[in-house]
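Asker: Pasting a structure here, questions to come.
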Amino acid sequence: MQLFSSETPQFQIFLDDVGTIISRLSEKAKPEDIHSLEKLIADFKLKTEDFYREDRKLNIGVIGQVKAGKSSFLNTLLFEGKEILPKASTPKTATLTKMEYSDRNIIEIEYYSEEEWALMEENASVDLEDEIYSSAKELVKMARENGIDPHRYLQKGKEQSEFASYEELVEHLNDYVGEDGKYTPIVKSVTLYLHKEEFQGLSIVDTPGLNDPIVSRTIRTRDFMKVCDVVFFLSQSGSFLDKSDWELLASQLPQEGTKRLVLIASKFDSGIRDVLREQDPDDIFGEDENTADTIPKACKIIRKKLRKRARGKVEEFVQDLERRGSSPDLIGVIRQCTTPIMVSAMAYNMSQKPEAEYSREERNVYAALKQFSDDMQEDLKLLGNFDEVNSVFSEVAEEKENILEKKARDFVPDAREKLRDSLEKMKEKAGKRLAVLEGNDREQLLEQKNAIAEQMGGIKAGLAEAIGDLNIRLESEKATGIRELREASKDYSETKERIGSITRTSSYTTGHLWWKKTHYYTYEQHYSYCLAADAIENLRKYSAEAVNQVEEVFSEALQLKEIKRKLLNIIINNFDMGSETYDSSLFRIMVEETVSTIEFPVFRLDISDAMEGIAAKFSGELTSASQKTELSIALQHGITRIYEELCESLNEAVREYKGKLSALGKQVEDKLLENINQEFAELVAQCENKEQEIAEYRAYGLLLEQELARLS
């Protein structure tokens, strides 16, 4: 299968070529430009060395933004809908979680090495904004707050433990890959070895989100993308292929070497709700082509819209690739996204079980959709559409050898494509700086700086208004969260009555006075009973659901993408963007750096006392009315305690967060001024020797043009 080895001459020729380019550019290039080329070399070595490992499998990644439904998708695809991989409305997948075949069920935890952690602590002490240093700070801080001594675990390297059931597996995963998992900050990766024949030859990876508020998770996902062969890319139907999705999909995945892209429009049940409407029988205009009164009609409308958007985005990007002279293979990978698969993991799971087993969230979805359905079972299957996903997954597994052969052939062409992109970006950036210097002198730059300082008043007012709106939304979500906590408590406050049976023996007599015969027979007597274990399970489930609902208050109120957009609009609307000195990308970076510091609060709840209290007081089957009543009262007390404790924590967290939001507005303002002053200072300094600086930029641009010509 392997057309080359990791030491193939073609690989070394490419590395030598990049080294030569670095040498030719070194005198004129900025340090960050040289660093990007050195990183390209490091990435190429990483990919080729990984590819030619003896145990190399087909790497299949599930990638997308936070809330795209990646874990739900995999739970449905691989585990028949069981909630094995953590999923919640706030990010829970803190490490790459791999799934591979084994004849035993094993969970393997890989910790950072001592050397890696030493470098982590060293980077954490560096006061720079680069994501390498900020992620190191974050991990070291998390380890300290969790009260663990990293070195006790780092020495282990890896540790394994077998699990007998999925329930046991879930407990382990929450400790090691949960956002609030005790060992999360020191865990490098988690691998699940599962006795499932369909996993043979595959390595399936659940990735952290790429818009994750915790930087280190995004870094890990990008590292994995460098060695990924097949990608199932998830984009929510309700915000299908937004700018963040498309930037990742088009600008990174194909160039990194992905050979098969499967575009998934996830959460299809949510996507169709925007067009479902009850038709007015008196409407003289008839049906609206953008609304529907049945689920099948709504599916048809949304499918058409999503496919049209996918085709448009793909064709737009393909035209750009063709103008740049990109390879037909790269264009072919992108064209695979023309026809997305629309799925709803929730709807599919609902179609596979009776209504009595629905979760509270599933019951809400069922109630919202039922009025638009003549046959809910069929409509849920239509929305779920996992038969199509299963078919593609099987096809990918069967094509493993072909996919890997193609990847081996394309290593150097793909790397040259990335090299060309890097040089193009370097040339564009140098051109912008040259235009600023040619179009402005020192006095003009200082005049612009003063004008921007005067415009800061409008920004201050806009920021204050935006923060006020966030506070109002936070209060509204808090009220909703408390109401949902109360509603959920009703679902878990009652113990489930089970039906048991006992075999009894009885008899009857036949015959006459002088002759009698006794007949014996058995029969089943049914009775109802309760178990303390069920009450304990109710406590555990309510605790987990309630914590998620509380955390959702913040994720819903403080949608980071929306905050970035609003803050950026405030800045752009208050600045004179007619000047070529600045474009919106400069301000976007400033806003994103500031908003990336927002972290949602983490809620922890210890319910061990309540669980142990029930376990100690009750045992076995509780059959008498008094025992059942006592168990019910104990359960209700436990549920009430959880509710009251979380409400108190939520109120306190909202109070604290309002203060943080006010500080955020000031932080954006200060950071903006700091960056503007720094940028102007550098430009003004260059104006002191303007002609020489212009000559340097022109010479650098010419060098870059020559290197690009050599690659053509």
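The values are calculated or read from the model by the stated rules, or taken from the named source; none is laboratory data. Keep in mind that what you see is a predicted model, and the values were worked out from it rather than measured. Counting neighbours? That spans all protein chains shown, and the Cβs are built from the backbone with ideal geometry, glycine included. For accessibility, only protein heavy atoms count, side chains too; no ligands or nucleic acids. Shrake-Rupley method; radii C 1.70, N 1.55, O 1.52, S 1.80 Å.
Asker: Return the pair list, or none, for Cβ contacts closer than 8 Å from residues in segment 94-123 that are free of Cβ contacts under 8 Å to residues at least 24 places away in the same chain to residues that are open to solvent by less than 30 Å² (accessible area, probe 1.4 Å) and of a type in the set (Phe, Trp, Tyr), at least 6 apart or on different chains.
Answerer: 120/112
Asker: For segment 17-30, does any single residue satisfy the condition of being modelled with pLDDT under 90, out of contact with any Pro (no Cβ under 7 Å at 6 or more places or on another chain) and assigned to a helix (DSSP H, G or I)?
Answerer: No: segment 17-30 contains no residue that is modelled with pLDDT under 90, out of contact with any Pro (no Cβ under 7 Å at 6 or more places or on another chain) and assigned to a helix (DSSP H, G or I).
Asker: Given the conditions (1) in a helix (DSSP H, G or I); (2) at pLDDT 85 or above, and given that residue 50 satisfies all but one, which numbered condition is not satisfied?
Answerer: Among (1) in a helix (DSSP H, G or I); (2) at pLDDT 85 or above, residue 50 violates only (2).
Asker: Does residue 333 fit the bill of being at pLDDT below 90, surrounded by 20 or more Cβ atoms within 10 Å (Cβ to Cβ) and more than 30 Å from residue 421 (Cβ to Cβ)?
Answerer: no
Asker: Being surrounded by 10 or more Cβ atoms within 10 Å (Cβ to Cβ) and of a type in the set (A, V, I, L, M, F, W, C) is the filter; apply it to segment 489-539 and report the residue that is nearest to residue 640 (Cα to Cα).
Answerer: 539
Asker: On to the next question. State all residues of segment 155-195 that are among the small types (Gly, Ala, Ser) and closer than 27 Å to residue 537 by Cα; if no residue qualifies, say none.
Answerer: Hits for segment 155-195 are 161, 164, 165, 178, 181.
Asker: Just checking, which of 359, 394, 373 is open to solvent by less than 30 Å² (accessible area, probe 1.4 Å), among the polar types (S, T, N, Q) and out of contact with any His (no Cβ under 6 Å at 6 or more places or on another chain)?
Answerer: The conditions single out 373.
Results for (1) in a loop (DSSP other than H, G, I, E, B); (2) at pLDDT below 70; (3) under 30 Å from residue 438 (Cα atoms), shown as yes or no for each residue.
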| position | (1), (2), (3) |
| --- | --- |
| 538 | no, no, no |
| 580 | yes, yes, yes |
| 586 | no, yes, yes |
| 591 | no, yes, yes |
| 604 | yes, yes, no |
| 638 | no, no, no |
| 656 | no, no, no |
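Asker: Continuing with this model, one more query. Looking for something modelled with pLDDT of 75 or more, farther than 30 Å from residue 137 by Cβ, crowded, with 21+ Cβ neighbours inside 10 Å and under 15 Å from the mean Cα position of the chain (by Cα) - is there at least one such residue anywhere in segment 205-215?
Answerer: No: zero hits.
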